[in-house]
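Working notes, structure below.
The values are calculated or read from the model by the stated rules, or taken from the named source; none is laboratory data. Since this is a predicted model, take the numbers as computed values, not measurements. Here the Cβ positions follow ideal geometry from the backbone for every residue, glycine too, while neighbour counts run over all protein chains shown.
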Amino acid sequence: MFGTMAKPLHAGLASQAGLRAALLASKGFKSRNDALECNQGFAQTHGSDFFVEKAWEQLAHGYHLLNNLFKFHAAFYSTHATIEAVGELRRARGLTPSQVQDIHVLVGEGCRICDLQNPRTELEAKFSLRAAAAFALLDMPTSELACWARDWNVWLQSAGVDNVDPTHGMKFESSAMAYLAAQQGMGIAIAQSFLVQDALHVGLLTQVFPHQAPSDRSYYLLSSPRHIGDSALETFRQWLLTEVEADKRAYGITDVDDAANGTTPAE
């Protein structure tokens, strides 16, 4: 779970539900004001230990909501102390990475969650004390989401370019926003080629360099074992393969991996 897409999805679904509720309310959607505590309401249908009178009691130590903490780094909260400590040492002693042979981090038992030894993706890096310590020593902008993404690093390394710092420049919270900014002439974006094929085809974007770098990201069609051989699933699978082949022909792609996994700069 930790270090996978499922973890940020939890927060995303909660935000989505809140936004949908606000939009529905703004359009006149109505429900009960006592939906939580009413007979056959949310609380009653989810357990037998909800006591509405306790919800209205004055809490001895106040509401926990008021004690919410805000992240200063775009990584798992338990990595923050390591990032701050290494950063403080680097600044106080003027350290450079070449001067450091080892970093020893002493943490509590709860940090097992963020003890991914060899992170392979940006999501895994957010749950890796090793990555967090290294990023802090390198003075990387760990508060920015782009710091943990690897697309530019992968492409630059594959192209043999070692004199460009991919952590500088404009940052966007989503690839779609970066692609739109590139379309509006704000700079160059790194893209998964299959996501921008249509824009490239109609001229909204231009591939700046011919070099494409392979990515370790893939998409898979998965199903429960009990559905193997199901006619509806097989029909969908064949349709999907037909669409892939049609796109390959339309865009002159000779290898499906190029379309699915390649990254390329576009403007």
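Number of residues in region 46-105 that are more than 33 Å from the chain's Cα centre (by Cα), in contact (Cβ under 8 Å) with a residue 12 or more places away in the chain and within 30 Å of residue 138 (Cα to Cα) equals 0. Has region 195-203 got at least one residue that is hydrophobic (A, V, I, L, M, F, W, C) and closer than 23 Å to residue 5 by Cα? Yes: one or more hits. Scanning region 1-48 for residues that are hydrophobic (A, V, I, L, M, F, W, C) and more than 30 Å from residue 128 (Cα to Cα) returns 19, 21, 22, 23, 24, 25, 29, 35, 36, 38, 42, 43.
Filtered by the rule that a residue be under 16 Å from residue 185 (Cα atoms) and not polar (S, T, N, Q), region 203-226 gives 203, 204, 205, 208.
Among residues that are at pLDDT 90 or above, assigned to a helix (DSSP H, G or I) and within 30 Å of residue 117 (Cα to Cα), residue 80 is included.
Among the residues of region 1-47, the ones that are modelled with pLDDT of 85 or more and in a loop (DSSP other than H, G, I, E, B) come to 15 in all. Within region 106-122, the set of residues being surrounded by fewer than 20 Cβ atoms within 10 Å (Cβ to Cβ), in contact (Cβ under 8 Å) with a residue 40 or more places away in the chain and part of a helix (DSSP H, G or I) comprises just one member, 113. With respect to being closer than 20 Å to residue 128 by Cα and surrounded by 10 or more Cβ atoms within 10 Å (Cβ to Cβ), residue 100 fits the description. Elements of the type helices (runs of 4 or more DSSP H) sitting completely within region 128-190 and holding at least 1 residues that are at pLDDT 80 or above and surrounded by fewer than 14 Cβ atoms within 10 Å (Cβ to Cβ): these cover 151-158, 175-183. Checked across region 52-67, the condition of being outside the structural domain of residue 117 (by TED's automatic domain parsing), among the β-branched types (Val, Ile, Thr) and touching a helix residue (DSSP H, G or I) at 6+ places or on another chain (Cβ under 8 Å) holds for at least one residue. Could you list, in sequence order, the residues of region 1-60 that are within 30 Å of residue 127 (Cα to Cα) and among the aromatic types (Phe, Trp, Tyr)? Result: 2, single match.
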